[in-house]
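Inspection log for the structure reproduced underneath, given as structure tokens.
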Amino acid sequence: MTKTSHIKSIVVISIIILTTILAFAIIAHGDNRIQDMIVIISVQDETLHVVDLNQNEMFTIVTTYGENTILIENGRVSMTSSNCADSICMSMRPIYRLHESIVCIPNRIHIKIATN
């Protein structure tokens, strides 16, 4: 193998790697425009609230299963309080991307981000 063909091989491999990384980054982040996304808050598969992600609101959901407080602020959604036994839902990071969700299994609450 000559020196020029070795350099060409390195360039081609580098381009393939960079293209793959770029394609993965585009797919992973998707088109996450906040103005097109909504927050769907459901209890046991029944939708209670549908809110634009760009609205700042706080909801307290009280059901026979328990009580949860949900905060939508600056394009992010978080569970700020829950009276469930394990409180795992409160330790989840705020969600802001399409198809992300927060679930409180004991209180049967599902919060997800979808498109409008």
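The values are calculated or read from the model by the stated rules, or taken from the named source; none is laboratory data. Since the structure is predicted, the reported quantities are computational estimates derived from the model, not experimental observations. Virtual Cβ from ideal backbone geometry, glycine too; neighbours counted across all protein chains shown.
What the table below lists for this structure:
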{"read-out": "Subset tally (residues that are within 16 Å of residue 113 (Cα to Cα), in a strand (DSSP E or B) and either without any contact (Cβ under 8 Å) to a residue 40 or more places away in the chain or of a type in the set (S, T, N, Q) (or both)) for region 48-73", "value": "10"}
{"read-out": "Residue within region 103-111 that is in the same structural domain as residue 39 (by TED's automatic domain parsing), touching a residue at least 60 places away in the same chain (Cβ under 8 Å), among the β-branched types (Val, Ile, Thr) and in contact with a strand residue (DSSP E or B) (Cβ under 6 Å, 6 or more places away or on another chain) present", "value": "yes"}
{"read-out": "Residue in region 27-47 that is β-branched (Val, Ile, Thr), without any contact (Cβ under 8 Å) to a residue 24 or more places away in the chain and within 14 Å of residue 111 (Cβ to Cβ) present", "value": "yes"}
{"read-out": "Residue that is farthest from residue 41 (Cα to Cα), among those in region 63-101 that are at pLDDT 95 or above and hydrophobic (A, V, I, L, M, F, W, C)", "value": "95"}
{"read-out": "Residue in region 83-94 that is in contact with a Lys or Arg (Cβ under 7 Å, 6 or more places away or on another chain), surrounded by fewer than 17 Cβ atoms within 10 Å (Cβ to Cβ) and not in a strand (DSSP E or B) present", "value": "yes"}
